Structures are given as structure tokens and as C-alpha cells.
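Worksheet for the structure shown next.
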Amino acid sequence: MAVNVPGLVAVIVFYVLILATGIWASRKSKHEEKKCPGNKSEVAMVGGRNIGTLVGIFTTTATWVGGGFINGIAEIVYIPHRGLSWTQAPICYCFSLIFGGLFFAKPMRTKQYVTMMDPFQRKFGNTMSSLLFIPAVLGDIFWSASILAALGATITVILDIEAYWSIILSACVIIIYTLLGGLYSVAYTDAMQIVFIIVSLWLCVPFTIINPAVADIKYTMVNELYQSPWIGKIEVNQIGRWIDDLLYMTLGGIPWQVYFQRVLAASSVSQAQRTSYIAGISCFTLSFPSIIIGAVAVSTDWNQTSYGLPTPSERHKSNMILPIVLQYLCPVYISILGIGAISAAVMSSADSSLLSASSMFARNIYKTIIRKKAAEKEVIWVMRTTIVLFGAAATTLALLTDSIFGLWFLSSELVYAILFPQFVCVLFIPNTNAYGSAAGYAIGLTLRLLAGEPFFQIPPVIQYPGISFENDTYVQLFPFKTFTMVLSLLSIVVFSDLASFVFKRKLLPVRFDVFKITHETQEVSATPVEQIAINDRNNHKLEPDKSHM
């Protein structure tokens, strides 16, 4: 292959700029650590709760507007019989952030949690919080791996270099600046990356539209001259599946540490909510370039381009349609800007995922369970070590596994089925307990796995109404993801009440109360004076350990 040297140089320059920004931001992190020597881990994890509004908006937006977002939207618009009608990410991510700001940001930020796992640990204890940590951290690792793999494939299309070089280089840059500055480096590089995404993608759009091989996208929106109209269509039998995906992407996008890391880094509740609202609108707006590029791909006579026939769809390259359009319908210097935008989008999501996974492990597993007397410096080094380990795991998966997107989709569906109902209960339903949490976890996990997984061609054990057989695999048309989530939620409430009833009425001896909910009951029924003492004790437990400072 002939390497695209100008493009390669441009990408290297861009990576150097990102790394320099991350290193510069790490100096601000060090300055904040000196101001708060007793809370160094919180500075690394949530920026000392001092991230400004503008940077907060940029970093929250960039976390969602990743490589999967801009590539995936163009792909869905381009795919025959899908189109814009099935492109749910823009509206779902917008609603997800707005709902997060409306309902979840205030209780999380008011109680000054450091990670999303803190309320689980306080309410359900270490055992259940450790189990809930598993889908959360797997989702972050698989997400980082999937977008790194997508970046490798994209750079191969435009620069004609082996995918593994771009994957390894990107991962190394991400790990280095995340190690150095924690959330500050991630946030400030996100701000730079989102600006680059906006400018470069919008610069690409006019060149794709005016290419002689491209028909008027307003005409092909409803005309079947090239393939199915890019506006798309929702068949009657697909409505349940469409609604299921809409709810899954909207509500399932809330219980992620990458989002709450930004919420908890805000200087106030109002700032956290305002950041969420504006970031949601920004995500919707930033989907427009990808939508247009997908529409352009539908409207292109590929025989008039150097790509030729068969079309990308016929070559099963729909997932690479955005870089293909940039490569074959834009001038070289414009396609180079496009690959910079894709690289920026990937890095802005991957760094957030690695930091969130390592923050949860360092605080909620290592500090709280493994080594309760760990000093702040020790927690920081554990977080840095896990950034490297999780980054290495994501990179290895991106290099060696062809089913990363399938793994991520499955893990994110588990987040919806398991974590979202648990999150609702822990914040808004005070009578739930660890027994209900365990029941909801088991039921949500079991029902989701028994529903099958088309990506891995795993047939469903449970066949819901309206199941169909497409492309040699079963597809559930019934909204089973939301059905599973609702059953998991109801299970938490019912089994919590059942466990409380059994132990309160002494139908089972207290010695069988492995989750110690009878102790919680005693605390709830304490006198006002006793309750104040209990609250003081609980608050003291959540304060950082000062014995090693």
C-alpha cells in the first residue's frame, strides 16, 4: 500500500497537539492538588469539583460525541431500509442528558458523591456494589476497545496504513495524558477535540454535497433511484423494536460513570444541571454533519468515483461509509481534516471511559473494600495503574477481537437491564435493600441472556411475541430490553419489601440476615437525637482517611 504521507504527518501533528494540551492541563491538576492536599484522589477523579461551565459543556458533549456517534449515524442513514427514521442516537443522547440533568444530577451532586458507585455502596453494601461494578466497568472497557478498533479501520481507509499502528498510537497518547492530569487533562483535551470535530466535519460537508457524482439529497430523501430513500421507514411490525431501542438508548445512557464524573465535577448543582441540558442540545446539533454525509452516500453514483462498483453496501462496508465518503468525494486536504475529526471523537470518548473505570476501581473496590486505610497517594497510584491496565485491555481487544461492537452492545444492554433500575431505586425508592438489589440483578441478567444475541448468532431461549428470522438469525421484535428492565425494577422493590417483612416479623432469625438490613431498620426507627448521631457517624465514614496525610 502507498502510505498517504501528508495525511500521516497531519494526524501526527494533531496527536502532538492533543498530548501537549493534556500535559498543560496536568499542571492545573497539580496546582489544585496543592490547594487540597487531603483530597488528591478527588482532584484526579472529579477535578476538585472546580470544572468551569464552558469546559464542562465541552467535555460532557465530547464524551457522547465519539467515534461511534459520528460513524454510526452516517452508517444507519446509509443502510438500505434503515435510514434517518432509525437514526435514534441524536434524539436519544439529547434526551438522556436532559433527563440526567432533570432527575439525577441534583441528588448525586447534592450528596457530593465521587463516583456513580458511591450511592450503591452506601445503600446496598460492598457485596452488591462489587457485583454492580462489573457491568459498569465492562461497558467502559468494551466501549474504549470498540471505538479504537473503528478508528483503526477508518485510518486504514484514508491513510493506507495498517490499523494496528493507529490503534496503538491513539491508545498510548490517551493513556499518557489521562495518567498525567486525570479529569483536568481529559476535560481540557475534550474541549479542544470537540472544537476540532465541529470545524473539520462541517468543512467536509459542502465538498461532499457539490461533488459531481452526488445527486440532490433532497431528491433522494424519498426517491428510490439509488437505493431505499435515506429518510427511512418504520414498518408496523418494527414499532415495538423501535420504541425499545429508543428507551434503551435514552434511559440506558444515564447510569454511566463517564456522565456522572462530569456532573460531580461541577462546582454546584445548578451548574451540573445546566451543563447537562446544553450538552444534550449540543449532541443533537452535532449529529447533522454525519446525517448529511450518510445522505450523500445514498445519493452517490459510485461508478463515477474512483471507488467504483460494487457500492460500499454491496461490499459490506457500510460501517466505514463516513471515511469512504471523505476519501472519495472530498479533496485530499479535506479528507485529512475529516480523519482528524474522527480521531478527536475517538480520543474524547476513550479517555473518559478509561478514567471512569479506573476511578470506580480505585475508590469503590480498592479504597473501600481491599485496603480501607490506603492513603490518598496510594489511591492515586492505584488509579493510574488501572488506567494503564484497562487501556492495555481495551487496546488488546481492539487488535485481536472482531466482535467488539457486539460485546459493547451486550454490556450496554446489561447496564440498561441491571444498573438503571438499581440506580432509580437507590436514589428515589428509600425502602429498597440489598436483598431486592440481588434479586433484581439476577433476574435482569438472566432474562437478558436468555433473550439471545443476534450479533453472536446466539438463538434466544425465551422467544417473545413477534420474533422473526432475519439474515440467518432470530430477531426479537418485542420490546424485551425494556420489559427486562421493568421486571428487574419491580423485583428490587418486591423482594426488598419481602425481605424487610420476613426479618421485621422475625419469620427468620436475625442470624440469617446476611445483608444486615435489620440494623438499617433500627437506624430508621431511632429517635431524632439518635438519628443525628447516626447521620454524623455515616458522614464520618464517607470522609477521606486523614490518618496517612
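Taken together, the values in this text are just the output of simple stated rules run on the coordinates, not laboratory data. Model, not experiment: these values are computed from the prediction. For neighbour counting, all protein chains shown are included, and Cβ atoms are generated from backbone atoms with ideal geometry for every residue, glycine included.
Between the helical axis of 434-450 and the longest alpha-carbon principal axis of the chain there is an angle of about 30 degrees. Look at the dipole of the chain built from charges on Cβ: of TRP165, GLN476, THR275, the Cα furthest out on the positive end belongs to THR275. Sorted on the mean count of surrounding Cβ atoms within 10 Å across their residues, most packed first, peptides 114-124, 84-94, 212-222 read 114-124, 84-94, 212-222. For the chain, the longest principal axis of the alpha carbon atoms and the long axis of helix 53-64 meet at an angle near 70°.
Roughly how far apart, in whole Å, are the Cα centres of region 426-497 and region 282-299? Result: 33 Å between the Cα centres.
Less than 11 Å Cβ to Cβ from LEU264, Lys/Arg counted +1 and Asp/Glu -1: what total charge do the surrounding residues give? Net charge in that neighbourhood comes out at +2.
Between THR473 and any residue 5 or more places off or on another chain, the built amide H atoms are never under 5 Å apart. Sorting the segments 292-300, 449-457 by their mean number of nearby beta carbons within 10 angstrom, highest to lowest, gives 292-300, 449-457. Distances between placed amide hydrogens fall under 5 Å for GLU453 paired with ILE458, all partners being 5 or more residues away or on another chain.
The charge dipole of the chain, taken about the Cα centre with unit charges on the Cβ atoms of Lys, Arg (+1) and Asp, Glu (-1), comes to about 2040 debye, rounded to the nearest 20.
Relative contact order, whole percent, for the chain stands at 26, derived from Cα pairs under 8 Å and 6 or more residues apart.
Here the Kirkwood formula puts the hydrodynamic radius of region 1-144 at 19.1 Å, using every distinct Cα pair. The string of couplings for region 280-290 from the Karplus curve (6.51, -1.76, 1.60, θ = phi - 60°) is x, 5, 5, 4, 4, 5, 6, 7, 4, x, 5 Hz, one whole number per residue in order, with x for Gly and Pro. Convex hull volume of the C-alpha atoms in region 310-392, normalised per residue: 113 Å³. Per-residue Karplus couplings for region 358-374, computed as 6.51 cos²θ - 1.76 cosθ + 1.60 with θ equal to phi - 60°, are listed in order as 5, 5, 5, 5, 4, 8, 8, 9, 6, 5, 8, 10, 6, 9, 5, 9, 5 Hz, Gly and Pro entered as x. For GLN463, no residue 5 or more places off, or on another chain, has a built amide H under 5 Å of its own. Three principal axis extents describe the C-alpha atoms of region 374-479; from largest down they are 55, 46, 17 Å. A simple rule links phi to the HN-Hα coupling: the Karplus curve 6.51 cos²θ - 1.76 cosθ + 1.60 with θ = phi - 60°, which for region 265-278 gives 8, 5, 6, 7, 5, 4, 5, 4, 5, 4, 4, 5, 5, 5 Hz, with x for Gly and Pro. Largest first and in whole Å, the equivalent-ellipsoid semi-axes of region 5-405 read 37, 23, 18, each the square root of five times a Cα gyration tensor eigenvalue.
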